[in-house]
1. Step by step: first the residues of the range 76-92, then only those that are over 20 Å from A20 (Cβ atoms) and of a type in the set (A, V, I, L, M), then the one that is farthest from the chain's Cα centre (by Cα). Which residue is that?
2. Report every pair of residues separated by at least 6 positions or lying on different chains whose Cβ atoms are under 6 Å apart, first residue within the range 43-63 and in contact (Cβ under 8 Å) with a residue 24 or more places away in the chain, second of a type in the set (F, W, Y) and not in a strand (DSSP E or B).
3. Among R59, R4, which is surrounded by 10 or more Cβ atoms within 10 Å (Cβ to Cβ) and basic (K, R)?
4. Contact list please: Cβ distance under 6 Å, first residue in the range 10-26 and in contact (Cβ under 8 Å) with a residue 40 or more places away in the chain and under 17 Å from H74 (Cβ atoms), second residue surrounded by 11 or more Cβ atoms within 10 Å (Cβ to Cβ) and among the small types (G, A, S), pairs at least six apart or on different chains.
5. For the subset of the range 13-48 comprising residues that are acidic (D, E), in a loop (DSSP other than H, G, I, E, B) and modelled with pLDDT of 90 or more, which member is nearest to the chain's Cα centre (by Cα)?
6. Of everything in the range 58-98 that's of a type in the set (K, R) and in a helix (DSSP H, G or I), which residue is nearest to I30 (Cα to Cα)?
7. Could you check I71 against (1) closer than 15 Å to A20 by Cβ; (2) hydrophobic (A, V, I, L, M, F, W, C); (3) surrounded by 15 or more Cβ atoms within 10 Å (Cβ to Cβ) and say which number it fails?
Amino acid sequence: MRLRSIPLSAWIGILGIAIAIFAAIFADFIAPYGEGEIVGDIWLPMGGDFLLGTDNSGRDIAAQIFYGARISLHHDQRRAGGQHFVFLARHDPEFYRRRHRRRG
């Protein structure tokens, strides 16, 4: 497949996933505050010390997004691993028997 034949919408999706992966890997360095750290008053507007403002508990919304990307990708990775196990169990009849063979 040639790179020029990939649709624009696919490139936009690839870019979004790449940004999420980057944010997940470097969340500790990018996020100005900790994940659940209360840093200000409630509902502070965007700008100044808070890129996207604060939520109803006074936590920085930008930090929550960066750390949320990490949690989301970790969940997706675990889900994909579970689907791989189910696929093997359903399509390889010997898989379950080999895995649960009695030893002794």
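The values are calculated or read from the model by the stated rules, or taken from the named source; none is laboratory data. Just so you know, these numbers come straight off a predicted model, no measurement behind them. Note that we place each Cβ from the backbone using ideal geometry, even for glycine, and neighbour counts take in every protein chain shown.
1. For the range 76-92, the residue satisfying everything is A89.
2. D60/Y33; A63/Y33
3. Selected residue: R59, the only one of R59, R4 that is surrounded by 10 or more Cβ atoms within 10 Å (Cβ to Cβ) and basic (K, R).
4. Between residues of the range 10-26 that are in contact (Cβ under 8 Å) with a residue 40 or more places away in the chain and under 17 Å from H74 (Cβ atoms) and residues that are surrounded by 11 or more Cβ atoms within 10 Å (Cβ to Cβ) and among the small types (G, A, S), the close pairs are A20/A69; A23/A69; A24/A69.
5. E37
6. Among residues in the range 58-98 that are of a type in the set (K, R) and in a helix (DSSP H, G or I), the one nearest to I30 (Cα to Cα) is R70.
7. (3) is the only condition that I71 fails.
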